[in-house]
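Notes follow the structure.
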Amino acid sequence: MEPLNSLKNRFISIRRSADGAFARQDYSSAMDSYASSADVLDEIYNRETSAKEKQEYLLIAKELQARYDECKRNLGLKVELHVGEPPKRSTPKKAPKETKQNRPIIETEEDDIQYEFEIGGDTINVRSFLGDSSDLKDVYFDDVVGMAKQKRIATKEFFASDAQRAFREKLKAKPKNFILLYGLPGTGKTYFAIALSNELKRFHGDTVPFISIIGSTLKSGTPGLMEKNIKAVFEYAKQFERCVLFLDEFDSIAMSRQKNTGDPTDRAAVTTLIQLLGGFCSNPNLLVLAATNTPYDIDGAILSRASLKFEVPLPSSQVLEGVLEKGLGEICDASVDLGEVAKTLEEKHYSNRDCAHLIELAKDLLDDAHENDGSVESLNGKLLEEAIASFHPSYVASEAEKLAEFSKSNE
């Protein structure tokens, strides 16, 4: 049987593929991927024991169904009314070609926020690019363990007193509102970005939208469409008096123009991004946070515009111990020393995400052990050692070396 943690990773991969196809307006492929991701989600739901998690999976299932139905509408196909039974999710053998005349237009919402933009003769709907960060809505700087220097700099820059802001205006100091977050995969770049956004909401006492975009969803095989997608995202963000625009997988849209990506439209898209960043970041109320695992691949002109560059490092053993304590503390027996386990994980270069995956694997092993022997109700050292031995962290030494060189040259 496939481990639950592996199922969850597979679901995330298929869902991202579906969202990417949707963004490229390849609706037939998107339907197929959404159907596959729904099937995997069904299996995850059936094996999940937490009532809270099950409820969240039901909400995700509704989102998948909504996207699946939107694909059908965009293809001119009939959308069934689902009442009390799972929908049929088979992909049509042949779909009618989409044209401007039959493309549905989503009307402006009652809150007067616009989601569609006419750019270069094409209607771009940014809904397909918007990510979800609702599961981290209560995360603040106090929840971010470590990164003291980064938090101190951000606090000084974005939470200044009225007198400090007035003095900066007198100095005509430029706002530092384009931050590049970089580090190995799973170190918590998104976590830090959301924490900063929530601190801004708390500081200003009003709504500061956190607009999350995965860069790869903006890419397109259609020449010129990636530029238009980027423009539409910035037009969407400019509607808000204050906002945080978070661009994840930033290297996918900001790749150095010196590199041969195989797509000639990438160069033009990067040039467009440079121009948009220049105008957008001149507004002190608009903040751009960009996250990447490979900052050395980003175009030099964009790097030079990043007013702050924050490295998000691998967690220390103290941080890992806290994560382990939160995830396994209540189910470990007396033979387990989580402090020593954390030191082992640090030596193996575990990221925060790796640690979270290890926790789920350990729970799966305990569940299997309990199924075979009902007297086993706690996680012992042997089971935890088995989990560590069978799990391979995402750390790649060559990538870590490149990041170290980049960090040293940008101190």
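The values are calculated or read from the model by the stated rules, or taken from the named source; none is laboratory data. Treat the numbers as computed from the prediction; the structure is a model and nothing was measured. Cβ sites come from the backbone with ideal geometry, for glycine too, and all protein chains shown count toward neighbours.
When the helices (runs of 4 or more DSSP H) confined to region 1-105 are screened for residues that are modelled with pLDDT under 80, those reaching at least 3 such residues are found at 4-23, 51-74. Number of residues in region 139-175 that are surrounded by 14 or more Cβ atoms within 10 Å (Cβ to Cβ), under 17 Å from Val319 (Cβ atoms) and aliphatic (A, V, I, L, M) equals 4. Taking first residues from region 365-382 that are closer than 14 Å to Leu4 by Cβ and partners that are surrounded by 14 or more Cβ atoms within 10 Å (Cβ to Cβ) and of a type outside the set (A, V, I, L, M), the Cβ contacts under 7 Å between residues at least 6 apart in sequence or on separate chains come to Leu365/Glu386. Residues that are surrounded by fewer than 20 Cβ atoms within 10 Å (Cβ to Cβ) and at pLDDT below 90 within region 282-306 comprise Ser282, Asn283, Pro284, Asn285, listed in sequence order. Does Asp112 satisfy the criteria of being exposed (fewer than 10 other Cβ atoms within 10 Å of the Cβ), out of contact with any strand residue (DSSP E or B) (no Cβ under 8 Å at 6 or more places or on another chain) and either modelled with pLDDT of 75 or more or assigned by TED's automatic domain parsing to the domain that holds Thr222 (or both)? Here the answer is yes, as Asp112 does meet what is asked. Suppose we keep only residues that are of a type in the set (Gly, Ala, Ser) and in a helix (DSSP H, G or I) within region 388-411. Which one would you say is nearest to the chain's Cα centre (by Cα)? Residue satisfying both the conditions and the ranking: Ala400.
Residues that are at pLDDT 90 or above and charged (D, E, K, R) within region 200-228 comprise Glu227, Lys228, listed in sequence order. Among the conditions (1) outside any helix (DSSP H, G or I); (2) in contact with a Pro (Cβ under 9 Å, 6 or more places away or on another chain), Glu241 misses just one, which is (2).
Taking the numbered list (1) surrounded by fewer than 18 Cβ atoms within 10 Å (Cβ to Cβ); (2) of a type outside the set (Asp, Glu); (3) in contact with a strand residue (DSSP E or B) (Cβ under 6 Å, 6 or more places away or on another chain) in turn, Ser375 passes all entries but (3). Criterion first (in contact (Cβ under 8 Å) with a residue 12 or more places away in the chain, surrounded by 20 or more Cβ atoms within 10 Å (Cβ to Cβ), not in a strand (DSSP E or B) and not assigned by TED's automatic domain parsing to the domain that holds Ala356) does Gly221 satisfy it? No: the conditions fail for Gly221. Checking the stated criteria, Ile44 turns out not to satisfy the condition of being within 27 Å of Asn125 (Cα to Cα) and among the β-branched types (Val, Ile, Thr). In region 314-329, what residues are buried (at least 17 other Cβ atoms within 10 Å of the Cβ) and of a type outside the set (S, T, N, Q)? If the condition is that a residue be buried (at least 17 other Cβ atoms within 10 Å of the Cβ) and of a type outside the set (S, T, N, Q), then Leu314, Pro315, Val319, Leu320, Glu321, Gly322, Val323, Leu324, Gly327, Leu328 are the ones that fit. Here Glu346, Glu241 are screened, and the one residue that is in contact (Cβ under 8 Å) with a residue 24 or more places away in the chain, within 30 Å of Glu386 (Cα to Cα) and out of contact with any Lys or Arg (no Cβ under 9 Å at 6 or more places or on another chain) is Glu346.
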